[in-house]
1. What is the diffusion coefficient of chain B in µm²/s, taking the Kirkwood radius over Cα pairs and the Stokes-Einstein relation at 25 °C with a viscosity of 0.890 mPa s?
2. Ratio of chain A's C-alpha Rg to 2.2 N^0.38 Å, to two decimals?
3. Do the sum for chain B: with -39,500 (n - 2.57) for every DSSP H run of n ≥ 4, divided by all residues, what is the mean residue ellipticity at 222 nm, to the nearest 500 deg cm²/dmol?
4. Give the peptides A:211-217, A:298-304 in descending order of average Cβ contacts within 10 Å, highest first.
5. Hey, what number do you get for chain A at 222 nm if only DSSP H runs of n ≥ 4 count, each worth -39500 (n - 2.57), divided across all residues, to the nearest 500?
6. Hey, got the average number of other protein chain Cβ atoms within 10 angstrom for residues in B:264-273?
7. Would you mind ranking A:VAL242, A:VAL55, B:VAL118 so that the residue whose beta carbon has the fewest other beta carbons within 10 Å leads the list?
8. When a footprinting reagent is the concern and you count Cβ atoms within 10 Å, what order do A:HIS267, A:HIS133 take, fewest first?
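Each value in this text was obtained by applying a stated rule to the coordinates, not by laboratory testing. Quick caveat: nothing in here was measured; it's all calculated off a predicted structure. No Cβ is skipped: glycine too gets one built from the backbone with ideal geometry, and neighbour counts run over all protein chains shown.
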Amino acid sequence: MRMAIGARYDASAGRADVDPSAKVLPARRPGEAVAAVALAGPATVLLLLLFILPVAAIVAIALTDWQFGTKSLHFVGLANFEGIFADEAFVASLRNTLVYVSIVMPGTVLGGLAIALTIESGGTLRDFYRAIHFLPFMATLAAMAIVWEALLHPTIGLVNGTFAAIGLPTANWLRDEATVLPVLAVIGIWQNLGFAMVLFLAGLKSIPQDLYDAADIDGADRWLDRLMTVTLPMLGPVAMFVVIVVALRAFEVFDTVQILTRGGPGHASEVLLHTLYRESFEFLRAGYGAAITVVFLVIAVTLTLVQARLIDKRVHYQ
Amino acid sequence: MSRARHPLSWPAAVVRHALLLASGGLMLLPFVWMTSLSLKPPAEIFRTSFSLLPAHWYAIENYGKALTAAALPRYMANGVLVCAAILALQILICAPCAYALAKLEFRGRDLLFGLVLVGLLIPHQVLAVPLFVLGYSLGLLNSYAALIFPFVVSPFGIFLFRQFFRSIPDDIVHAARLDGLSEFAIVWRIMLPMAMPAVIAFSIFSVVSHWNDLFWPLIAVKSPNLMPPALGVAIFRGGEASTEYGPLMAGAVLVILPLVLAFVVAQRWFIEGLTSASLK
């Protein structure tokens with residue numbers, strides 16, 4: 001559709017009698033400002049009310065001792081930030097989140113890359129393989145978490161049944177401090193793998209055929225040679241991008257923790273968004289929860305800005 | 001295809017299919033297990049030997065219980081209502097703004113686009129506490145409105161539509177104005193129909209996000225009558241059915257089924273819609 005429009009546009013632009021300046025909208029037509037206010041006004045007001053104002057508010061609330069349901073509110077400076085970093089539960093939450101991300105990110109990126117390369121190496125059933133690997137990414141995670149709980153059940157779960165049959169150690173995966181976080185990370189990888197795969201597949205498509213032809217002439221005509229000399233070097237920028245996007249998604253882990261473990265046992269699977277939710281909406285400590293939110297915001301904004309830089313540098317695949 | 005000049009030798013092709021079937025099988029395992037348990041009676045679920053198909057079919061009992069005991073139809077209807085309302089309002093509010101940003105000259109345009117970019121930076125969970133306070137002070141909490149209002153404007157929607165509208169030639173806008181169309185009519189009758197690929201991609205992104213969302217509904221509503229599917233199925237599990245895997249799995253199947261069916265029908269659109277959000 002876009003191509004059809006483009007063709008029409010080019011045809012008219014090629015005519016000698018068309019004034020090229022006519023393609024530019026006349027600046028400041030009378031009434032244009034009025035139209036712009038009417039068109040953009042509602043969105044502007046709502047952006048301010050639902051995004052900008054709340055971000056300012058969260059920073060402000062983080063500097064107070066406010067609790068939901070109370071009228072009193074005092075400015076306490078950075079006391080909440082000192083409080084959260086002295087709080088064993090928050091420090092555990094931050095550490096767990098970093099551990100979770102450091103498992104999910106490489107697992108997802110390397111797994112997604114391996115599957116994308118394997119799919120791309122042949123010509124048959126590409127759409128089918130892409131679809132079955134992508135399915136977990138879009139299936140309701142809250143529902144699938146319950147399925148994982150059944151799979152991981154200590155006595156009737158398929159995981160322990162299979163592990164016992166082939167002589168591997170079994171465990172009460174979600175109730176054991178040593179296994180709970182890695183197991184949640186496996187679910188995270190399972191969910192995001194197809195997403196990374198799709199981004200890599202698009203990156204693979206954008207590698208110019210010329211490079212493969214040139215590699216052929218230079219004698220790099222085996223699959224592994226072409227992989228090492230052309231594919232992987234050309235995929236570097238896409239990989240950087242996928243790393244950031246997956247890290248961002250991993251930082252936002254919440255559904256599986258809320259449904260399966262509630263941060264337990266102990267604080268073994270406490271993660272940032274879950275701590276934020278608990279402090280703010282279960283313990284109603286708004287100021288304290290807001291300080292956690294600010295920490296989360298700083299991490300997310302930093303990652304997003306790095307990602308935006310990568311896109312601006314045209315190191316993505318389109 | 002681009003690499004077809006080097007077709008795989010047949011052993012390599014066999015290895016490729018074997019690897020992909022193995023990894024694909026692992027990805028699908030939870031779906032298969034879920035379906036299998038949803039068909040079995042409790043006695044077979046709690047047996048330690050495994051079989052894919054039940055010896056005694058128990059589908060009617062399990063699905064019946066999920067549909068009656070758990071208010072699952074209500075949760076799904078809530079999901080449809082909330083997703084439809086959010087999407088309609090998002091398009092209604094974002095498309096005109098995107099058109100103004102793409103095609104009109106006005107003071108503050110760059111500032112407004114800056115606002116949109118700031119909005120893109122912010123993960124929505126960060127807004128939860130202030131939006132909860134806002135919802136409380138407006139008396140919106142524990143209502144459909146509570147589930148909808150934080151999402152009526154989407155910075156991503158504005159951004160995506162603006163990108164697409166910019167690629168539509170100005171000549172078309174001129175011609176429409178000469179034909180006497182108002183600016184609003186240009187948005188609805190010219191721009192949006194031409195930007196259908198962007199509209200479809202955004203719609204899939206929006207509906208999938210909000211059908212699956214657990215975080216905000218958990219905060220916004222307490223009444224089971226208002227719960228969307230993800231929250232509903234979580235409550236179902238936490239309640240009396242916590243050990244009744246049969247009905248629980250049947251409920252999970254029903255919650256993910258609409259999206260999975262749509263995905264099977266429109267795979268390419270889904271993949272484009274769900275990945276476009278990270279390429280913003």
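1. Translational diffusion coefficient: 111 µm²/s.
2. Taking N as the residue count of chain A, the ratio is 1.32.
3. Theoretical 222 nm ellipticity from helices: -21500 deg cm²/dmol.
4. With the highest mean Cβ count within 10 Å placed first, the list reads A:298-304, A:211-217.
5. -20500 deg cm²/dmol
6. The per-residue average across the peptide is 3.
7. B:VAL118, A:VAL55, A:VAL242
8. By the 10 Å Cβ count, ascending, the order reads A:HIS267, A:HIS133.
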